[in-house]
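Data block below; observations after.
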Amino acid sequence: MTIRQETRADHDRVYEVVKAAFATAEHSDGDEQDLVVRLRNSGAFVPELSLVAVVDGGIAGHILFTKADVDGHTVLALAPLSVLPAYQRQGIGLALITEGHRIAKELGFPYSVVLGHAGYYPKAGYRPASRLGIKPPFEVADENFMALQLDPAAKELCGTIRYDDAFGL
């Protein structure tokens, strides 16, 4: 498996990967693939943090981190993470997260926030965002709205995350 930055030539395949990954997901609004397109065209997009996992010459997974705001501080929002159903439960998602975190640290981002499965994202170091002073802009179980402090020296936060308008919140 190789993880690399997404290129323009990957866009159509990534659209299909995201769509397939969420087709049978327990929690999905069916819009994740279009969210990726909207985020690519937004001011929140960070090209270095749109990554693909290539297995046997084909794209098997994709992850996107985009800029968000908490009390005037730029953080990252991880959304979405997609792995083709045939490749799930093989470590591809965690590998994408790990590489994304590595790049995000190099770029100087202090925190990453995710709305996701409480049994999955803690494997990558995420914990309830409330413990880091980050509140969601909507009602959600504390265990599903999580954050990770990427920079141990980062300023403590206290506020509600504001996602890019592309999220439609």
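Read the figures in this text as sums done on the coordinates, not as results from a lab. These numbers were taken from a predicted model, which means no experiment stands behind them. Here the Cβ is made from the backbone with ideal geometry for all residues, glycine too, and neighbour counts use every protein chain on show.
Can you count the Lys pairs in the chain whose Cα atoms are under 20 Å apart, with each pair 8 or more apart or on different chains?
Summing the qualifying lysine pairs gives 6.
What does the highest-first list of 126-134, 7-15 look like by mean Cβ count within 10 Å?
Put in order of decreasing packing, that is 126-134, 7-15.
Under unit Cβ charges (Lys, Arg +1; Asp, Glu -1), what dipole magnitude, rounded to 20 debye, does the chain have relative to its Cα centre?
For the chain, the charge dipole is close to 380 debye.
Could you tell me the center-to-center distance, by alpha carbons, between the range 1-74 and the range 86-126 in angstrom?
13
Each label point is 7 Å from the Cα along the Cα-to-Cβ direction; what then is the distance between the points at L169 and H117, in nm?
That separation, rounded to one decimal, is 2.1 nm.
Would you calculate, for the chain, the mean residue ellipticity at 222 nm contributed by helices, counting each DSSP H stretch of 4 or more residues as -39,500 (n - 2.57) and dividing by all residues, to the nearest 500?
Roughly -7000 deg cm²/dmol at 222 nm, from the helical runs in the chain.
Among A95, A141, G116, pick out the residue whose Cα is farthest towards the positive end of the charge dipole of the range 89-169, where Lys and Arg carry +1 and Asp and Glu carry -1 on C-beta, about the Cα centre.
Toward the positive end, the furthest listed residue is A95.
Out of all DSSP beta bridges with both ends in the range 2-167, state the antiparallel percent to the nearest 5.
Here the antiparallel bridges make up roughly 90 percent for the range 2-167.
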